[in-house]
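The values are calculated or read from the model by the stated rules, or taken from the named source; none is laboratory data. The structure displayed is predicted, hence computed values, not measured ones. Note that each Cβ is placed from the backbone with ideal geometry, even for glycine, and that neighbours are counted across all protein chains shown. All accessible areas refer to the heavy atoms of the entire protein, side chains included, with ligands and DNA or RNA removed. Shrake-Rupley method; radii C 1.70, N 1.55, O 1.52, S 1.80 Å.
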Amino acid sequence: MKSYILTGFFALVLLMTSCSDKPVAPAQLPGAITNFIQQNFPDQAITFAQKDLEITGWQYDVVLADGTQIEFDTDQMWDKIQSPMTKPVPAALIPAPIMTYLQGNYPAVMVLKIDKDNTDYEVELANGLELKFNQAGALMEMDD
């Protein structure tokens, strides 16, 4: 029994390493991802895309013509957006409580990166500040 489990584990690892990090044509991206990009980055073409096999399913990484990088989780929802130094993350993608805090405290500073997970959001500003917010949008940490 133990050898079957071990064999199955190694087969899974082999499958994951042989399938992960594969470039994909923009036309082969899931519809939810292309719709998200068309809606939030309408003037940007997809210059590179790849899919990564994780234990929970496929994740996608996309690079746009202006250098914006977007990572999508296995549910095809964005979980990280990093913009080039000259262009901010679209305000519509920043949760309202976080945007309110940023507008009140850093009104002229661009958001260059937002990273979300199950418990928090991490935001990087053009002035070098890194802010961490909980899911409700309350500031938890600040690092410069």
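Taking a ≥ b ≥ c as the square roots of the eigenvalues of the Cα gyration tensor, an a/c ratio below 1.5 marks segment 79-144 as rounded. Each residue of segment 86-93 is assigned a 3J(HN,Hα), and the resulting list reads 9, 9, x, 5, x, 4, 5, 8 Hz, derived from the Karplus form 6.51 cos²θ - 1.76 cosθ + 1.60 (θ = phi - 60°), x at Gly and Pro. Close amide H partners of PHE48, meaning residues 5 or more places away or on another chain with modelled amide H under 5 Å apart, are VAL63. For segment 106-132 and segment 35-53, what is the centre-to-centre distance using only Cα atoms, to the nearest Å? Result: 21 Å between the Cα centres.
Take VAL63, VAL111 and sort them by solvent-accessible surface of the protein heavy atoms, 1.4 Å probe, largest at the top.
VAL63, VAL111
Comparing THR68, THR34, THR56 in a Gaussian network model of the chain, where Cα atoms under 10 Å apart are tied by springs, the biggest mean-square fluctuation is seen for THR56. Note on percent of Cα pairs over 18 Å apart: of the candidates [x] 61; [y] 51; [z] 54, the value calculated from this structure sits at [x]. Near the amide H of VAL109, within less than 5 Å, lie no amide hydrogens of residues on another chain or at least 5 residues away, with H placed in the peptide plane. Of the DSSP H helices in the chain, those with a Cα length along their own long axis of 15 Å or more and a mean Kyte-Doolittle hydropathy reaching 0.0 comprise 2-19. In a reduced charge model with +1 at each Lys and Arg Cβ and -1 at each Asp and Glu Cβ, segment 42-144 shows a dipole moment near 360 debye about its Cα centre.
The fraction of accessible area contributed by carbon and sulfur in the chain is 56 percent, rounded to a whole number (1.4 Å probe; ligands and nucleic acids excluded). Each of THR56, TYR106, THR68 was placed along the dipole of segment 37-124 (beta-carbon charges, centred on the mean Cα), and the one lying farthest toward the positive end is TYR106.
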